[in-house]
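Computed from the coordinates by the stated procedures, all read-outs in this text should not be read as laboratory data. Nothing here was measured: the structure is a model prediction, and the numbers come from that model. So basically every Cβ, Gly included, is an ideal-geometry build from the backbone, and we count neighbours across all protein chains shown.
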Amino acid sequence: MTLLLPALQSPTGPTASREAVRFGDLSLTYGRLAGASAALAARIADAGRVAVWATPTPETVIAVVAALRAGVPAVPLNPRTGESELAHILADSEPTVVLAGPDDVLPPALERLRRVAVDARAETEAPASPGGVAPDPEAPTTMADEAAPEAPALIVYTSGTTGPPKGAVLPRRAIAASLDALEDAWGWTGDDVLVHALPLFHVHGLILGVLGPLRRGGSVRHLGKFAPEGVARELGSGGTMLFGVPTMYHRLAEVLDAPAGTAERDALAGALAGARLLVSGSAALPVHDHERIAAATGRRVIERYGMTETLMNTGIRADGAPRPGTVGPALAGVELRLVEDDGTVLDAAGAIGEIQVRGPNLFTGYLNRPDATAAAHTADGWFRTGDVGTVDEDGYVTIVGRKATDLIKSGGYKIGAGEIENVLLAHPGVREAAVTGEEDPDLGERVVAWVVAADPDSPPPAEELAGHVAAQLAPHKRPRTVHYLDALPRNDLGKIMKRSLHA
Ligand code: MCA
Ligand code: AMP
């Protein structure tokens, strides 16, 4: 097992003066990041577990790298997490420390944790030795992963069909294996400059988007907030790769639809055309958006398919045939098979079944949920993704759907219908509630709520219900549409018949 982040081993190593991360005008070299993370690692070494207030800032990078260096599992928190979801995550993961920027205003639930401030600006202004900062004599000199590849590195919360989100425990081994499989597939090197605007509390933005470049000794420029102009600016000035969810590529395609000669459109088309790799993931990129981008730039977006629990499973190779609508072949080290409902393994090309995977990229289990961990695996150790797909003769995988109807993918976020229903039912104005996903050109799917009001003469306004869900869970889980009904359609057993709602 090699080190997880070899380029950060020493604040004075050969890569010390190279830019590691840039967020707007704040940039950290490898030397600065190594020094800052080592110093912070020393302060949290006895923490047990740390929560990271995962804003899109260099503070989050320093905090996560420090936790990795200290060998302390980190729980990245969405800074917009609402009250009940945050309470659940804290009670489940039991961090003793929260790492946050000096100016972050933290919710009351975090007040009982020891707060350790992380200040990236102070790091960039501190005097540096040539090529980096002077090493802290107290700081650990080696990374904890040398000793323990199976030790938990990150605990990432992910929604299921029912109940609150579960913490996927990701060991160092899985992170290293998945990032190295992507290195192989994409020829990803230390010369790559990754551009993205993904949130830093999920696998896509944090593991692929931050630890990916750091493991290669390359750099990442984070936009803070997604905007096509930012993508054009950074790819047009040295960025080589773009990572995004389909909603982001859809928004780029909308800009590219303007007539040629329009300044914003031409700048974006030129910047995308010049990139080495444009990668989409977290949900399916519609073929229409693939085609619009290809027509305007001459470049193909490639897709990779992953999951919080499995990290990356498949991907189109940089040197492979880009086939829009497919997510490419299994990555190096990943075993993938299709299985029928009765457990029969399918091997005919074109057969449709559940995608199951096995390999060094997998998580170790859900925190405190041995029942859920067992249910997610077959007796012979394959992970049931719940995604339904086909594999063609060349091994290219196409995802055609998913087994659970109660999971919604909106803007690339996985959202469980059940968690939203529970929160809606807790609103005094709601007697009955059902939640479904509806196709949306921008978000892929949008959350739709079907509500029976406690008082039909004064139902709670849709904005109030959206605000209630945003305040309890997270803004991206809020219903974008609310329908009011006199009663929910139920079968003889009293179960809500969701399929008949849209009819
Ligand atoms: C609106 N807002 C509200 C409310 N309404 N806040 C509170 N209460 C309300 N009622 C605010 C939002 O907080 C936000 O604020 C703004 O309004 C817009 O929110 P929203 O509409 O949700 O955002 P959007 O513009 O539609 O965002 C699109 C997006 C986003 C940028 C594409 O969905 C996104 O970042 N998606 C990435 C998801 C992702 O990374 N998934 C990876 C997980 P403000 O304007 O201040 O922001 S999957 C994964 O990791 C696996 C392994 C994989 O395969 O990748
Ligand atoms: P999450 O649990 O949030 O990590 O989301 C994982 C899920 O996102 C997978 O199970 C898939 O359903 C979906 N997903 C990820 N990448 C892709 C892709 N390229 N195409 C289609 N679906 C994807």
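When the Cα atoms of the chain are enclosed in a convex hull and the volume is divided per residue, what value in Å³ results?
158 Å³
Toward the positive end of the charge dipole of segment 372-450, about the Cα centre and with charges on Cβ (Lys, Arg +1; Asp, Glu -1), which of G444, S410, L424 goes farthest?
L424
Rounded to whole Hz and in sequence order, give me ³J(HN,Hα) for segment 203-209 from the Karplus expression 6.51 cos²θ - 1.76 cosθ + 1.60, θ = phi - 60°, writing x for Gly and Pro.
Karplus-based 3J(HN,Hα) across segment 203-209 equals 4, 4, x, 8, 7, 6, x Hz.
So for each of 256-262, 273-279 I average, over its residues, the number of other beta carbons within 10 Å; can you give me the resulting order with the highest mean first?
Put in order of decreasing packing, that is 273-279, 256-262.
Residues with amide H under 5 Å of R18's amide H, sequence separation 5 or more or different chain, H placed in the peptide plane at 1.01 Å from N; which?
The answer is Y30, G31.
Put +1 on the Cβ of each Lys and Arg and -1 on the Cβ of each Asp and Glu in the chain; which of G238, A470, L367 then has its Cα farthest toward the positive end of the dipole?
Positive-end residue among those listed: G238.
Using the Karplus equation 6.51 cos²θ - 1.76 cosθ + 1.60 (θ = phi - 60°), what ³J(HN,Hα) coupling, rounded to whole Hz, does each residue of segment 331-338 give in order, writing x for Gly and Pro?
Result, rounded to whole Hz: 6, 3, x, 9, 9, 9, 9, 10.
As a test, work out the antiparallel percent of DSSP beta bridges whose residues both lie in the chain, rounded to the nearest 5.
Just about 65 percent of them are antiparallel.
Once phi is turned into θ = phi - 60°, what whole-Hz ³J(HN,Hα) does the Karplus curve with 6.51, -1.76 and 1.60 give for every residue of segment 278-292, x standing for Gly and Pro?
10, 10, 10, x, 5, 6, 6, 8, x, 4, 4, 6, 3, 5, 4
Taking the Cβ of each residue in L501, L4 as the centre, tally the other Cβ atoms inside 10 Å and list the residues starting with the fewest.
L501, L4
In debye, nearest 20, what is the charge dipole magnitude of the chain about its Cα centre with +1 on Lys and Arg Cβ and -1 on Asp and Glu Cβ, if you could check?
The dipole magnitude comes to about 580 debye.
List the pairs from K225/K403; K166/K409; K414/K498; K477/K498; K166/K414; K166/K495 whose alpha-carbon separation is above 21 Å, in the order I gave them.
As for pairs spanning more than 21 Å Cα to Cα, those are K225/K403; K166/K495.
For segment 162-239, what does the equivalent ellipsoid look like in terms of its semi-axes, each the square root of 5 times an eigenvalue of the Cα gyration tensor, given largest first in whole Å?
Result for segment 162-239: semi-axes of 24, 19, 8 Å.
Once the Cα atoms of helix 83-93 and of the chain are each reduced to a long axis, what angle between those two axes, in degrees from 0 to 90 to the nearest 10, is obtained?
On a 0 to 90 degree scale, this one is about 60.
In what sequence do I89, I207 fall when counting other Cβ within 10 Å, fewest first?
Ranking I89, I207 by Cβ neighbours within 10 Å, fewest first, gives I89, I207.
Order 153-159, 44-50 from most to least packed using the mean count of other Cβ atoms within 10 Å.
Top of the packing list down: 153-159, 44-50.
List the residues, sorted by chain then number, that are 5 or more residues from G101 or on another chain and whose placed amide H is less than 5 Å from its amide H.
V118
Kindly rank 15-25, 52-62 from highest to lowest mean number of other beta carbons found within 10 Å of each residue.
52-62, 15-25
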